[in-house]
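Here's the structure we're looking at; comments come further down.
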Amino acid sequence: MSQHLLQPLQAIGQAVMFLLRALAHMRLTRYQVGETLRQVYFAGVRSLVIIVTCGFFVGLVLTLQTYDTLTRFGAADAASTVLALSLFRELGPVLTAILFAGRAGTSITAEIGLMRATEQLDALDLMAIDPLERIVQPRLLAGLIAVPALVLVFNTTAILGGVFYAVFLMGNDPVSFWGSMQASVELGRDFGHGMLKSVAFGLLASWLAVYFGWSAKPTSEGVALATTQTVIATAISVLIIDFVLSAFML
Amino acid sequence: MSAPSPQHPAIRLENVRLSFGDRLVLKDISLNIPAGQVTAIMGPSGCGKTTVLKLITGQLQPDCGRVWVGDVCVNELSGRALKAFRRNIGVLLQNGALFTDLTCFDNVALPLREHSNLPETLLHHLVLLKLETVGLRGAADMYPRNLSGGMNRRVATARAMALDPAIMLYDEPFAGLDPISLGVALRLIREINKARSITSVVVTHDIDQVPKLAHHACLLADGVVVAEGPPDALRDSDNALIRQFMRGGSDGPVSFHYPAESAAMEFLGREVAP
């Protein structure tokens, strides 16, 4: 019993120690800036297709459901409010972080895990080049930059999906749709808090991705397990932290 | 290969013990690796040859004992001192460990860019010279995935010697090579050692190549140093384990079969009288 309790705590402790070590090894050089931008491209720009597609359809289906329900109460105009608030406060940051973990997080984990399996990390160490600084730092920072940017893209496309359904398909008045949304969304409380969450989730998703890659067993099963762990751990921890942050922010 | 005059050891292991969990890999071994020579470390799989290399580079810490490289006790180094120490050691890992997203040129340039402030023109010439040494200047712009395994290891050798180390360590440099690549690798190790007057340590199973390559050989088995000396002397030894290893015999002190209950008991459920 105590073993069952100790193991997760030990795993969390190891992950935290890894993050602290990675932060302690951070260095700002021209190479690091360039490499971080390259990783932002790989993790962020290359995730755009899935983010845009999912964002559009989430906006579409969310508006469809709320519009249908609210029409019964004669409050169809509030559909845009529900769409914007749920996106800015919760859905945007949470879904983007989970999609990021599935698209970019797994890729980062597999890449670092394979570098471990093919002794590339050892080779860096043996050349007196710090692998935490060279490999982990740019990917960690890339997630921190990419996720908030992707949340903005996700929210934008989801709102466009809502506009497509409510205005173009259902023929609602666009002025009323946009006006209702603008009147109900507060920049700091709704949008700002959502963006703060996205920064936290970006750090969390990239931290878990690099950690599981770094600690992967150097075998094909080890790398496969690590990529699975990245998705599961990110999804669960994003939802838990989302609840905690929401409780503090409301 | 004829041995040069004996010299003081460049690397010394003093009563080194190392275990992984319950498994004792090295049992208080002491080993002297002479300076300026090529030393081959041989032994059956899993006997701790690569572990010895990892102790020399400071990747592993012994449970007890000391590892000396020159006047430096490696197991007392950490952080920046260990980093500075490693700049003086070149290591060829078993599969080369080249970075697949970098060209051969960039792989070799990596340690130079990290540890020197050379102007790009000079660095360019230096990297091409290193690649020329391993015969792959023409492949500078190619990626490791476009090269054969043997060529990858040659690029990795160029990278390992990029900072002109005083000691070169080779982990199984001949494994899986065709005869031509093997001959090239052998010549390369010898020539690098001679031209740069460095100390080379080669972990290998290839007993046929050892006399052509090494001045000094050391045989590890069961976590202890069974024998060391000139390769030809080892080949002529009367020791049963040395003889078995040097002649590649399947019967001898090292058993072909992993320990298990008797085959008769396994298949028939009873022992059979001989």
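Summary table below
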read-out: Choice from A:Gly59, A:Gly194, A:Gly171 showing the highest fluctuation, given a GNM over chain A with Cα pairs closer than 10 Å; value: A:Gly171
read-out: Cα lying deepest toward the dipole's positive end in the stretch A:31-249, options A:Leu208, A:Thr157, A:Tyr41, charges on Cβ; value: A:Thr157
read-out: Relative contact order %, chain B, counting alpha carbon pairs below 8 Å whose residues are six or more apart; value: 24
read-out: Over the stretch A:31-249, equivalent-ellipsoid semi-axes from the Cα gyration tensor in Å; value: 39, 15, 14
read-out: Rounded to 5, the percent of DSSP beta bridges in the protein assembly as shown classed as antiparallel; value: 55
read-out: Computed over the stretch A:205-244, Kirkwood Rh from alpha-carbon pairs, angstrom; value: 10.4
read-out: Choice from B:Leu26, B:Leu82, B:Leu118 with maximal GNM fluctuation in chain B (Cα, 10 Å cutoff); value: B:Leu118
read-out: Once the Cα gyration tensor of chain B is diagonalised, semi-axes √(5λ) in Å; value: 36, 22, 19
read-out: With Cα atoms, 0 to 90° folded angle of helix A:106-117 axis to chain A main axis; value: 0
read-out: Loop-exposed GluC sites (Glu not before Pro) per DSSP, neighbour cap 11 Cβ within 10 angstrom, longest uninterrupted part of chain B; value: B:1-260
read-out: About the Cα centre, charge dipole magnitude for the protein assembly as shown (Lys/Arg +1, Asp/Glu -1 at Cβ), debye; value: 860
read-out: Separation in nanometres of the label points that stand 7 Å from Cα toward Cβ, at B:His115 and A:Thr219; value: 3.4
read-out: Environment charge at B:Thr100 (Cβ cut-off 13 Å; Lys +1, Arg +1, Asp -1, Glu -1); value: -3
read-out: Signed unit charges on C-beta, dipole axis of chain A, positive-most listed residue A:Ala166, A:Leu121, A:Met195; value: A:Leu121
read-out: Mean projection area, nm², convex hull over Cα of the stretch A:1-158; value: 13.2
read-out: Average projected area [Cα convex hull, the stretch B:115-266], square nanometres; value: 13.0
read-out: DSSP-loop chymotrypsin sites (Phe, Trp or Tyr not before Pro) across the stretch A:1-109, with at most 15 other Cβ within 10 angstrom; value: A:Phe73
read-out: Separation of alpha-carbon centers, the stretch B:83-127 and the stretch B:206-233, rounded to whole Å; value: 31
read-out: Given charges at Cβ of Lys, Arg, Asp, Glu: chain B dipole, positive-most of B:Ile89, B:Ala264, B:Leu110; value: B:Leu110
read-out: Most mobile listed residue (A:Gly74, A:Gly105, A:Gly34) in chain A, GNM with C-alpha springs under 10 Å; value: A:Gly74
read-out: Neighbour net charge for B:Pro9 - beta-carbon separation under 12 angstrom, K R +1, D E -1; value: -2
read-out: Sum of side-chain charges, B:Leu129 neighbourhood, beta-carbon under 12 Å (Lys, Arg +1; Asp, Glu -1); value: 0
read-out: 5 angstrom amide H check on B:Leu92, placed H, neighbours 5+ away; value: B:Leu169, B:Tyr170, B:Asp171
read-out: Net charge dipole size for the stretch A:31-249 [Lys, Arg +1 and Asp, Glu -1 on Cβ; Debye, nearest 20]; value: 120
read-out: Percent of alpha-carbon pairs separated by more than 24 Å within the stretch B:68-180; value: 27
read-out: Rounded tilt (10° steps) of B:104-115 against the dominant C-alpha axis of chain B; value: 80
read-out: Range of Cα positions in the protein assembly as shown per principal axis (Å), largest first; value: 100, 74, 41
read-out: Rounded tilt (10° steps) of A:30-43 against the dominant C-alpha axis of chain A; value: 50
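Throughout, read-outs are computed from the coordinates displayed, never taken from laboratory work. Just so it is clear, the structure is predicted and the values come from calculations on it, not from any experiment. Backbone-built Cβ (ideal geometry, glycine too); neighbour counts: all protein chains shown.
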